[in-house]
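Worksheet for the structure shown next.
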């Protein structure tokens, strides 16, 4: 029994030695990394100094490649954190100049410490402004779209004249593509980020998760347009000026439109 135990121990020791030898063989040669490159990478990625050094080592000192490497690593890290409970956070707001448009948005994180931080506050402010800028956006994510709305839109697309002459399977593929595009148009996380259109809002949130180190969720938002849903009295420009100056405006010429 003792001999068998010793044999097993020796086998394990040999296996570990082989693994270490393989790891050393796979190690990349050290690349001279300058403080200037580290600083440049930190500026574009927002990552820590040690992460930037490692990224530059992994990519032969190429700042652009290192930034992409960090981005992918960050997205993978964000995906791992996605299942963690995020019950803290903040309600942010945006009021457009002139006070005719306003947005409230709730964004959650894991701790109140992060919620009080500048990075999180900036993210919330950017997201509120994003909602205000996207007229068609009505939901946070594609999965939040009302199934009844999807069914209605799908029926409309299937009935369009330009598809009637096509085979059923082709029609299905075309409609699926159109529906995916329609869903993305109304989902906040799928929109191009207003500060960097090369990224989607969802990618910006994931990058924030990687940078801050906590799960972050955009929970809900509401948008208010002044007078939305109300009947408005319309006046011509001359009448508005006259009303403001106390004068009587000349009556506006009536325009008749023939109905065919």
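The values are calculated or read from the model by the stated rules, or taken from the named source; none is laboratory data. This one's a predicted model, so the numbers in the text were calculated from it and none came from an experiment. Note: ideal-geometry Cβ built from the backbone for every residue, glycine included; neighbour counts use all protein chains shown.
For residue 98, state whether it is surrounded by fewer than 17 Cβ atoms within 10 Å (Cβ to Cβ), over 23 Å from residue 184 (Cα atoms) and not assigned by TED's automatic domain parsing to the domain that holds residue 182. Full working, then the answer.
Working: surrounded by fewer than 17 Cβ atoms within 10 Å (Cβ to Cβ): yes; over 23 Å from residue 184 (Cα atoms): yes; not assigned by TED's automatic domain parsing to the domain that holds residue 182: no.
The answer is no for residue 98.
With the structure loaded, tell me whether residue 114 is outside the structural domain of residue 68 (by TED's automatic domain parsing) and modelled with pLDDT under 95 or whether it fails that test. Outline the logic, then answer.
Working: outside the structural domain of residue 68 (by TED's automatic domain parsing): yes; modelled with pLDDT under 95: yes.
In short, yes.
Tally up the residues in segment 132-149 that are free of Cβ contacts under 8 Å to residues at least 12 places away in the same chain and either part of a loop (DSSP other than H, G, I, E, B) or crowded, with 16+ Cβ neighbours inside 10 Å (or both), please.
We begin by selecting, within segment 132-149, every residue free of Cβ contacts under 8 Å to residues at least 12 places away in the same chain; these are 135, 143, 146-149.
Add one more test, that the residue is either part of a loop (DSSP other than H, G, I, E, B) or crowded, with 16+ Cβ neighbours inside 10 Å (or both), and what stays is 135, 146.
Number satisfying all stated conditions: 2.
Here's a check for you: in segment 118-131, which residue that is in contact with a strand residue (DSSP E or B) (Cβ under 9 Å, 6 or more places away or on another chain) and under 13 Å from residue 216 (Cα atoms) is surrounded by the most Cβ atoms within 10 Å (Cβ to Cβ)? Working first, answer last.
Going through segment 118-131, the residues in contact with a strand residue (DSSP E or B) (Cβ under 9 Å, 6 or more places away or on another chain) turn out to be 120-121, 123-131.
Within this subset, residues satisfying the condition of being under 13 Å from residue 216 (Cα atoms) are 120-121, 123-124, 127.
Details: 120: 23, 121: 15, 123: 24, 124: 23, 127: 27.
Ranking the qualifying residues of segment 118-131, first place goes to 127.
Can you tell me which of 170, 212, 216 is more than 24 Å from residue 72 (Cα to Cα) and assigned by TED's automatic domain parsing to the domain that holds residue 137?
Of 170, 212, 216, the one residue that is more than 24 Å from residue 72 (Cα to Cα) and assigned by TED's automatic domain parsing to the domain that holds residue 137 is 170.
Yes/no per residue for (1) at pLDDT 60 or above; (2) surrounded by 13 or more Cβ atoms within 10 Å (Cβ to Cβ); (3) outside any helix (DSSP H, G or I):
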{"residue": "8", "(1), (2), (3)": "no, no, no"}
{"residue": "23", "(1), (2), (3)": "no, no, no"}
{"residue": "32", "(1), (2), (3)": "yes, no, yes"}
{"residue": "44", "(1), (2), (3)": "yes, yes, no"}
{"residue": "71", "(1), (2), (3)": "yes, yes, no"}
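Among the residues of segment 180-193 satisfying the criterion of being touching a helix residue (DSSP H, G or I) at 6+ places or on another chain (Cβ under 8 Å) and surrounded by 16 or more Cβ atoms within 10 Å (Cβ to Cβ), which is farthest from residue 126 (Cα to Cα)?
182
For segment 186-235, how many residues are within 22 Å of residue 116 (Cα to Cα) and part of a loop (DSSP other than H, G, I, E, B)?
4
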